[in-house]
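Trainee: Following this message is one structure expressed as structure tokens.
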């Protein structure tokens, strides 16, 4: 796998993680971005290289910046140090680990609110 292929897989993973964090289905993301559901599926699976226009549309639909989807820093956002460490830790983890941590955190927050 070339470095370009690896980078495209990373972008695909960030799009999927942002979609899941926003609790959107591929169908809903496609609707919001003006794309077909098949296009979103192929982009997230890494089998389609999104154009700059598509990347901009996806970022807008996800409420983030294209820079973040490309792996750059989240501009204008400041996080507490613990949150920042958690984000750095999760960035290198598999989608399965990120989803498991997300579920655990939501469960813990819900329990704490009771």
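Trainee: By count of other Cβ within 10 Å, fewest leading, how are 9, 103, 114, 20 ordered? Don't skip to the answer; put the middle values down first.
Mentor: Working: 9 13, 103 10, 114 4, 20 16.
Final ranking by Cβ density, sparse to dense: 114, 103, 9, 20.
Trainee: Tell me, 67, 15, 43 in order of fewest to most beta-carbon neighbours within 10 Å? If you can, show how the numbers build up before the last one.
Mentor: On the way: 67 13, 15 22, 43 25.
Placing the least packed residue first, the sequence is 67, 15, 43.
Trainee: Determine the calculated [θ] at 222 nm for the chain from helices alone, applying -39500 (n - 2.57) to every DSSP H run no shorter than 4 residues and normalising by the residue count; nearest 500 deg cm²/dmol. Provide the component values of the computation, followed by the final result.
Mentor: Working: 7 runs with 82 residues, N = 114.
Theoretical 222 nm ellipticity from helices: -22000 deg cm²/dmol.
Trainee: Among 94, 25, which comes first, then next, by fewest other beta-carbon atoms within 10 Å? Before the final figure, lay out each step's value.
Mentor: Numbers: 94 9, 25 12.
Least crowded to most crowded, the residues run 94, 25.
Trainee: Of all alpha-carbon pairs in the chain, indicate the percentage at a distance above 22 angstrom. Intermediate values should be presented prior to the final figure.
Mentor: Values: 2332 of 6441 pairs.
Summing the P(r) of the chain above 22 Å gives 36 percent of all pairs.
Trainee: On a full-extension model of 0.36 nm per residue, what is the gain between residue 97 and residue 114, subtracting their alpha-carbon distance, rounded to one decimal in nm?
Mentor: On the way: separation 17, 0.36 × 17 = 6.12 nm, distance 2.61 nm.
Answer, rounded to one decimal: 3.5 nm.
Trainee: Taking the 0 to 90 degree range and rounding to the nearest ten, how far is the long axis of helix 81-91 tilted relative to the main principal axis of the chain, both from C-alpha atoms?
Mentor: 40 degrees
Trainee: Relative contact order, percent, of the chain when contacts are C-alpha pairs under 8 Å separated by at least 6 residues? Don't jump to the answer; show the numbers that get you there.
Mentor: Numbers: 69 pairs, mean separation 25.4, N = 114.
Rounded, it is 22 percent for the chain.
Trainee: Modelling each spin label as a point 7 Å along the Cα-to-Cβ direction, I'd like the residue 60/residue 37 distance in nm, to one decimal.
Mentor: That separation, rounded to one decimal, is 2.3 nm.
Trainee: Right, next: With axes computed from alpha carbons, what is the tilt in degrees of helix 95-113 against the longest principal axis of the chain, rounded to the nearest 10 within 0 to 90?
Mentor: 40 degrees
Trainee: Does anyone have the angle between helix 52-62 and the longest principal axis of the chain? Alpha-carbon axes, 0 to 90°, nearest 10?
Mentor: The two axes meet at around 30 degrees.
Where a number appears in this text, it was derived from the coordinates with a stated rule and is not lab data. As the structure is a computational prediction, the values presented were derived from the model and not from experiment. Neighbour counts are summed over all protein chains in view; Cβ atoms, including those assigned to glycine, are modelled from backbone coordinates with ideal geometry.
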